[in-house]
1. Out of the residues in the range B:46-64 meeting the condition of being within 16 Å of ligand 2 (Cβ to nearest atom) and in contact with an Asp or Glu (Cβ under 8 Å, 6 or more places away or on another chain), tell me which one is farthest from B:ARG219 (Cα to Cα).
2. Scan the range B:22-61 for residues that are away from ligand 1 (no atom under 12 Å from the Cβ) and surrounded by fewer than 21 Cβ atoms within 10 Å (Cβ to Cβ) and jot them down.
3. Where residues in the range A:334-377 are farther than 30 Å from A:LEU38 by Cβ and among the charged types (D, E, K, R), which of them is farthest from the chain's Cα centre (by Cα)?
4. A:ALA19 - would you say it is at pLDDT 90 or above, outside any strand (DSSP E or B), away from chain B (no Cβ under 14 Å) and within 30 Å of A:ALA356 (Cα to Cα)?
5. Condition test on B:PRO79, is it away from ligand 1 (no atom under 16 Å from the Cβ), over 19 Å from B:THR173 (Cβ atoms) and either surrounded by fewer than 20 Cβ atoms within 10 Å (Cβ to Cβ) or of a type in the set (Lys, Arg) (or both)?
6. Taking the range B:166-198, which residues are in contact with a helix residue (DSSP H, G or I) (Cβ under 9 Å, 6 or more places away or on another chain) and in a helix (DSSP H, G or I)?
7. For the range A:142-186, which residues satisfy the criterion of being of a type outside the set (Gly, Ala, Ser) and assigned to a helix (DSSP H, G or I)?
8. Determine, yes or no, whether B:LEU125 is within 25 Å of B:ASN175 (Cα to Cα), buried (at least 18 other Cβ atoms within 10 Å of the Cβ) and touching a helix residue (DSSP H, G or I) at 6+ places or on another chain (Cβ under 9 Å).
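The values are calculated or read from the model by the stated rules, or taken from the named source; none is laboratory data. On a predicted model such as this, the values are computed, not experimentally measured, just so you know. Cβ sites come from the backbone with ideal geometry, for glycine too, and all protein chains shown count toward neighbours.
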Amino acid sequence: MLSLKIAWRFLQKSRVQSAFIIAGIAVGIAVQIFVGSLITSLQDSLVQQTIGSTSQVTITALSEGDSFKVDERVLAVVRNDARVKSGAVAPTLSVNGLYSNGNESTPLTLKGGDLKSLDALSSISGRLTAGTARLNRGDILVGKDFADKYALSPGTKIQLTFPGNKERTLTISGVFDLGSSQVNARQAFVSAEVPRALLGWRSDEYAALETQLVAPFDSAAVATDWRARLKDLRIVEWQEQNKDLLTALQSQGSSSYMIQAFVLIAVALGIASTLAISAVQKTRQIGILKAMGMNDAAAGRIFLWQATILGVGGTLSGLALGFFLLFGFSFAGASFSITPKPGFVAFSAGIGIVVALLSSIIPIRKTSALDPIEVIQGG
Amino acid sequence: MADVLLEATGLDKVYGEGDTSTHALRGVSFTLNEGEFASIVGQSGSGKSTLLNLLGLLDTPTAGTVVYHGQDVGKLGKPALAKLRNSLVGFVFQFHHLLPEFSVLENVLMPALIGGRPPMESRKLAEETLGLLGLTGLEDKGADQLSGGQKQRVAIARALMNRPALLLADEPTGNLDTVNTEQVYKLFRQVGAETGTAFLIVTHDRAVAQQTDRILEVRDGELVQDVRNSYLPPAQ
Ligand SMILES: Nc1ncnc2c1ncn2[C@@H]1O[C@H](COP(=O)(O)OP(=O)(O)OP(=O)(O)O)[C@@H](O)[C@H]1O
Ligand SMILES: [Mg+2]
């Protein structure tokens, strides 16, 4: 405890120096937390945007466009897999149509299914900007961008043209915003009967069985398992289809690790040099203390305590500053919000303290090795 | 006859190696009893500080032994030596060597804290010791806010804090004027009488040495004279 008292007094005596190094650690830890959380949240948000409201593992017929029977055999494989998000299983059919208002036309992909299972995948009901979530035979739910472009609102009847010059008139029951303007402009939802009648399929035939997983990055493993059990069907998973995105995310992730690593190295060098300078400045005092009978271990502990005080003080200030930055960022109007993960924050704080302790090794060694006679003889 | 406190036998000290080496001490042997009040005199470079550092366990002899209360300290490890430095000896140097980060009281308390002695009792003892040296009232001043004479008295109080069996002083009054010098020696005497501490004081000032009970003279690293001195305190 005497070592702690002396450490504290040494730091107090050189207040400005101590304040600078605490500020240095604080900035380092704050940057670490801010950049780390920013990147993970950005990545989560990108992944969420990509797959949050679409199928993550999809079962289709072997050749594209064909139908397949969604029977007990297929459903058992999917429903008995604990990795599938509960209820997030939707048999769907799709048909491409064209909407035209006379001078302009837009292709629309109509996905047919029952509202409950479509909701489990895309939570359409929760993302309506107008109208009601209803998918009866004559209803259609359209995206915000599409509705805005043609000034359409719930209740409006729209006429769509399908391959083979078939036409259907449907009533807009609601307008959704799924977070992606591409989806909002091109995608529409209808009841299963609409595409089924257009395609002439039987009632247990579907184009796809769409699923979402508890952990989206399990998709490759899940797909491999299902392929082994459903050899007559095609299993597609999102990671395969989004290789470019994932590569981009990965390189973004590693550049973020690089930034964090360099920041931490800078912090470590800062603490190490401050403590080394402090050890030199206090050589006389350490020599006197040793001459009075303080042993090497206790003398070394003075600098261990200094490092601990600086490390803990700097890290706590860094946490405060980091959260302050994140709080400030929430007003910056970004399209996503940053949620710092407790584990990552604890990890960053731990690193701050460990780095501080490691950088005290050299001064501790120096102090332990100091022979009091050098100081006493030097006057 | 008082008990033997310290026995130095055949102390040799060589600094450095080869052509540049200095033979600072050659075969110094003597015995010091408990409570003795002795001085070491000699010219500059004769080896006085070297001898004091060996006796104070700050340095180790090239040859010879230092025995305290029958214990050969050459056989002790570094931690045991540190412990002995803390409990057995007190140091007063030419330069005060106070810790500027701490108050007067804290400086005086430091040896007790290092020795892990009970804080409350130590505090009382520290205040008592400061009183003994006429420093009452300065307890909370910073160590760097004192006059030269005050600093040296604080250093003496600190050296006496653990009530050592031996107080080693290396030119303790080298930086003080005659009035202060006079005062310090009077204090040494007084404290010696009250605490039973033995004193070994290095000085190059013969007049100062004359005020001690025993004078050891070192010349070119050898102990050339060891005389009893009948000191009579000046009439008050
Ligand atoms: N660390 C050292 N390295 C080399 N030589 C040393 C060292 N310390 C002392 N000496 C030499 O040892 C001899 C004795 O030195 P010492 O300091 O004991 O003398 P002293 O009697 O205390 O002198 P002074 O009265 O000037 O303080 C001197 O010749 C000195 O140069
Ligand atoms: Mg000397």
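1. If we take residues in the range B:46-64 being within 16 Å of ligand 2 (Cβ to nearest atom) and in contact with an Asp or Glu (Cβ under 8 Å, 6 or more places away or on another chain), then B:ASN53 is farthest from B:ARG219 (Cα to Cα).
2. Those that are away from ligand 1 (no atom under 12 Å from the Cβ) and surrounded by fewer than 21 Cβ atoms within 10 Å (Cβ to Cβ): B:GLY27, B:SER29, B:PHE30, B:THR31, B:ASN33, B:GLU34, B:GLY35, B:GLU36, B:ALA38, B:THR60.
3. Applying the filter and picking the extreme gives A:GLU374.
4. Against the criterion (at pLDDT 90 or above, outside any strand (DSSP E or B), away from chain B (no Cβ under 14 Å) and within 30 Å of A:ALA356 (Cα to Cα)), A:ALA19 qualifies.
5. Yes.
6. Listed by number, the residues that qualify are B:VAL179, B:ASN180, B:THR181, B:GLN183, B:VAL184, B:TYR185, B:LEU187, B:PHE188, B:GLN190, B:VAL191, B:GLU194, B:THR195.
7. A:LYS144, A:ASP145, A:PHE146, A:ASP148, A:LYS149, A:PRO163, A:ASN165, A:GLN182, A:VAL183, A:ASN184, A:ARG186
8. Details: within 25 Å of B:ASN175 (Cα to Cα): no; buried (at least 18 other Cβ atoms within 10 Å of the Cβ): yes; touching a helix residue (DSSP H, G or I) at 6+ places or on another chain (Cβ under 9 Å): yes.
No, not satisfied.
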